[in-house]
Every structure is written in structure tokens, then in C-alpha cells.
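The values are calculated or read from the model by the stated rules, or taken from the named source; none is laboratory data. Owing to the predicted nature of the structure, the values given are computational and were not obtained by experimental measurement. No Cβ is skipped: glycine too gets one built from the backbone with ideal geometry, and neighbour counts run over all protein chains shown.
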Amino acid sequence: MSTTAFATPAIEPQLRDDKLVRQIQYCLRSQFYRDRFDEADIDPSTIRTIEDLNRLPIFVTPDIHRRAQEISLARHGHPYSTFLCADPADIVSVSSTSGTTGTPALYPFTARDVEITNQLWQRAARFVGVRPGDVVIQGFGLSMYLAGIPLVRALELFGATVIPVGAEAGSEKLLRMIATTTPRVLACTPSYAEHLIERAPDVLGREAADLGVELILCAGEPGAGLREVRSKLESGWNARVIDVLGGAHGIMMASSAAAEYQGMYVLGDDFSVSDQLVDPVTKEAVEPVDGAIGERVKTSLEWQGAPPLRYSVGDVYQVLTSAPPEGPEGLRIKVLGRVDDLLIIKGVKLYPAAVKNLINGFVPEVTGEVRIVLDGPPPRVTPPLRLEVEQGTALDADAAADLKARLANAMHQRLTVRPEITLVPAGSLPRTAHKQKLIDVRANEESREEQR
């Protein structure tokens, strides 16, 4: 399956298969991958096509990745994992995950890996409408994210004027830099873009919509692809919102300028396989037909540092292959959530992003901020599902009861779950410049009493 030539250079299936064969041979430099093939009892030489990859189990997960880093540091003196295939001396750059759920997973780049990443970021920039000469405020975490230094580096080479403020600088400095430099483009997480809308009047005495930003590049979490969240961002900034995913391993996706979200177009078919799915429970392959949903498993076709071969970070995707009602044709992806965030309430499967999207449909009666309060870790939830929702303004008892009832009815009708809702004051739920945590695991009074 391949995209049309509108953004990705055409690549014949045979050429992709040839790239895969070469990549697997390269991966066999690593004892880690040789052991994975042995454990699966599969001869690597029999994997000749992209479709053959579905015969392989998942080889790498974030937990496996972190253990491989610990082992390589102890055995080899470097933290780049036991599936590093390049000489450590050839690693010229390192990016990482945020580390909010454990030790950060490191992504080492060789010079060739940097070149590929630059090419794909620039491909995405052209596709979404970034122009050479545009001023871009970079508001992703510079030290942590694949949209940090790699994005800055690629856009500089593209010809954009990049101002790398970074999420670490805080919302006040970032907003003042926007007011001072008048960028056309803002790059940050959807939740941070929401937070900046709230902060702009206090910091600048102006609304975010008056700052002149025309394009917001969002990544790092679901949000830009959710109708109500997207609408809130576009009206709050008076800007077009683009959903982007990628930044390493030859992975790059971006949404189009279509009025209705059509998913993110796969822009890196010539460097990676990003539409292979498995059932999140059984791990059996899911055929990527139009509308198929499953856990995404990625494989690079040309990567040197620590190549991902059958690597799952736990994202749940929906694959779209049919022609969209608006915009160009091509293979598209929607990110629905994460396997470890899935909630199951009386047999109903629910992803937190869907809850966030629904709540944003009630702005300005609510701020859009919500927390799902659980007594224990997902996925099983003992009813009712408890939500804390920030109200937009102070409400009397009757108005609060009416709002809670309407929220609960909407959840029941659209998501088949009737929650227990607590309204909390505006501004009382924590904000973040990084990935937003929608789930808050805390024992209720009854659970605490039992633990005593």
C-alpha cells in the first residue's frame, strides 16, 4: 500500500521490499535482533516483502527499549541500546521521549539519519503550507521531543526563521516572544496551545487570536485531530491547525488543509512502514483495509542508529485508504489513543482523547480541561466513570446540575458511558507544556479505608 505522489516520491513496491531486505540484513549486526529472530523461530532470509513482516511478532516495546539501554550501558559503555547497529562513534545526535513514565527512551541519529529526518520534516513543511522565510516559534520541549532540535534543524535548512523558545521556557516567555517576533507559525502540543489561549490575556493583555499566528503545528498527543479540540484551537488562535506525527526512523505524517479532518497523510512511505497493525490484545496481524483499527507496529526501511524493526510504542491507529471527501488522495492515519490508556467500562471501550473531545464541545460553559479519575490503573473501570470537569464560570446549584446532566447525557449518547461528573473551578486542573495526562489514578475514600 502506498500514498499517491502528491507529497511522497513514488516508490515501487519492489523497491520498498528491496529496502526492507537490506534493512533486515543491517539489523542482524545486532545480537538483540538475531536473538529475536531465533526466539520467533523465523529465518530472517525468509522476510522478503513488506507483507512478510506480519509473520514477525513485536520485537521492541518501550519497556524492552529501556531494558536494552540499561544492558548496553552496563556491557558496552553506551546507553543507545543493544539494538544499536551503528558504531557509537558515528552517533551525532540523540533525541528522546519525555521520560514521564520512566527512564527516557533514547533515539540515536547518525549523519545519514539526520539527513533523512531533515528531508521528511521539510517534506511535511511544504505539504502543510510552511514557506521559506516564515517565522516559526518552536514551543515543543527542545531537550525531549523528536519535534525539538530535529524540527529546528530541519526548518532552518528549509529556509524558515526558527525561534527555538521551547516548552521549558514557560508560557509567559513564549507568549512574549510571539508578541515580539510576530511568527506566522507556532509549533507545540495541542494542550499547550490551549493553555496559551488562556494565558495570553493575563500575560499580554491581548487575545491569542490577535497575535497574527496563521498556522499551528501540533504533535505529541491526540488533540489536533479531534473536532471539538481542533475547533477550540482554530477559533482561539484564528489560525489553521495541522496534526503532525514523526521526527525519527523515517516516520512522517501530516494532516491537510481540508476543513474537515481527514487523518494524517503518510509522507514517508519510502523510508518506513507505518500502517501495519496488530490486535492490541492478541497481537495478531490486522489487515490495513479502510477503517481498520489496531496497535501500530513500525519498521524503518533505511535507518542506521538503532533501527526499529517491529517496534510498537503502544499507539492505536485507524487506517484510512478510501478517497476523502475533500483534499488529496492518499494513505492516512488517525491516532485514537494508546493501548495502556484504554478504558473498559461494562464492556465498552473508551479512549481518554474521545472524552476530551466531547468536553471541548461544551466550551465556553467549560474550559475544556478534564481529568478521568480512576481508583486503579486501566483498563478495567468499576462504574461509574468519574470525571472532573472545569466549569467556565461560577455557577449556581441549578445551573451546575443542568450542565452536569447535559454532559452526562452527551457522554451516554455519543460514547455509551454515563459518567459521574464533578465540576471544579476554572484553572484548578494542572496545565502542561508537554503531553497532557488525562487520567489521574487515585484511590477513593472507600478504597483507602480498605487499604488501611
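Restricting K349, K356 to residues that are of a type outside the set (S, T, N, Q) and crowded, with 21+ Cβ neighbours inside 10 Å narrows the list to K356.
Checked across segment 44-58, the condition of being small (G, A, S) and touching a Phe, Trp or Tyr at 6+ places or on another chain (Cβ under 7 Å) holds for no residue.
Only one entry in I58, I42, I24 is in contact (Cβ under 8 Å) with a residue 40 or more places away in the chain and assigned to a loop (DSSP other than H, G, I, E, B), namely I58. Considering every residue within segment 21-31, establish whether at least one is at pLDDT 95 or above and under 30 Å from E156 (Cβ atoms). Taking every residue of segment 21-31 in turn, at least one turns out to be at pLDDT 95 or above and under 30 Å from E156 (Cβ atoms). The one condition from (1) out of contact with any Pro (no Cβ under 6 Å at 6 or more places or on another chain); (2) outside any loop (DSSP other than H, G, I, E, B); (3) buried (at least 21 other Cβ atoms within 10 Å of the Cβ); (4) not small (G, A, S) that D275 does not meet is (1). The number of residues in segment 105-140 being over 16 Å from S93 (Cα atoms) and either in contact with a Pro (Cβ under 6 Å, 6 or more places away or on another chain) or not in a helix (DSSP H, G or I) (or both) comes to 12. Among the conditions (1) closer than 23 Å to L343 by Cβ; (2) touching a strand residue (DSSP E or B) at 6+ places or on another chain (Cβ under 9 Å); (3) outside any strand (DSSP E or B), R296 misses just one, which is (3).
Within segment 143-195, the set of residues being buried (at least 19 other Cβ atoms within 10 Å of the Cβ), in a loop (DSSP other than H, G, I, E, B) and on the phi < 0 side of the Ramachandran plot comprises M144, Y145, L146, A147, G148, A160, P164, V165, P183, R184, T189.
Residues in segment 305-344 that are hydroxyl-bearing (S, T, Y) and over 17 Å from A354 (Cβ atoms) were compared, and the one that is surrounded by the fewest Cβ atoms within 10 Å (Cβ to Cβ) is S322.
Residue check: E234 meets all listed conditions (1) in contact (Cβ under 8 Å) with a residue 60 or more places away in the chain; (2) outside any strand (DSSP E or B); (3) closer than 27 Å to A187 by Cα but one, namely (1). Pairs meeting the criteria (first residue in segment 295-314 and under 18 Å from S81 (Cβ atoms) and basic (K, R), second residue modelled with pLDDT under 95 and in a strand (DSSP E or B), beta carbons under 9 Å, at least 6 apart or on different chains) are K298/S274.
Of the residues P378, P425, P384, the single one that is out of contact with any strand residue (DSSP E or B) (no Cβ under 6 Å at 6 or more places or on another chain) and touching a residue at least 12 places away in the same chain (Cβ under 8 Å) is P425.
Yes/no matrix, rows are residues, columns are (1) within 19 Å of H195 (Cβ to Cβ); (2) under 19 Å from the mean Cα position of the chain (by Cα); (3) outside any helix (DSSP H, G or I):
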site: A354; (1), (2), (3): no, yes, no
site: V363; (1), (2), (3): yes, no, yes
site: T367; (1), (2), (3): yes, no, yes
site: G376; (1), (2), (3): no, no, yes
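Considering I149, I216, the condition of being within 19 Å of the chain's Cα centre (by Cα) and modelled with pLDDT of 95 or more is satisfied by I216 alone. Scanning segment 238-257 for residues being out of contact with any Ser or Thr (no Cβ under 6 Å at 6 or more places or on another chain) and either at pLDDT below 90 or outside any loop (DSSP other than H, G, I, E, B) (or both) gives a total of 10.
Quick check on L395: is it hydrophobic (A, V, I, L, M, F, W, C), in contact (Cβ under 8 Å) with a residue 24 or more places away in the chain and either part of a loop (DSSP other than H, G, I, E, B) or in contact with a Gly (Cβ under 7 Å, 6 or more places away or on another chain) (or both)? Considered against the rule, which asks whether it is hydrophobic (A, V, I, L, M, F, W, C), in contact (Cβ under 8 Å) with a residue 24 or more places away in the chain and either part of a loop (DSSP other than H, G, I, E, B) or in contact with a Gly (Cβ under 7 Å, 6 or more places away or on another chain) (or both), L395 comes out as yes. Here E302 qualifies as surrounded by fewer than 22 Cβ atoms within 10 Å (Cβ to Cβ), at pLDDT 95 or above and assigned to a loop (DSSP other than H, G, I, E, B).
Annotation note: of T82, T117, T110, T103, the sole residue that is at pLDDT below 95, in contact with a helix residue (DSSP H, G or I) (Cβ under 9 Å, 6 or more places away or on another chain) and surrounded by 15 or more Cβ atoms within 10 Å (Cβ to Cβ) is T103.
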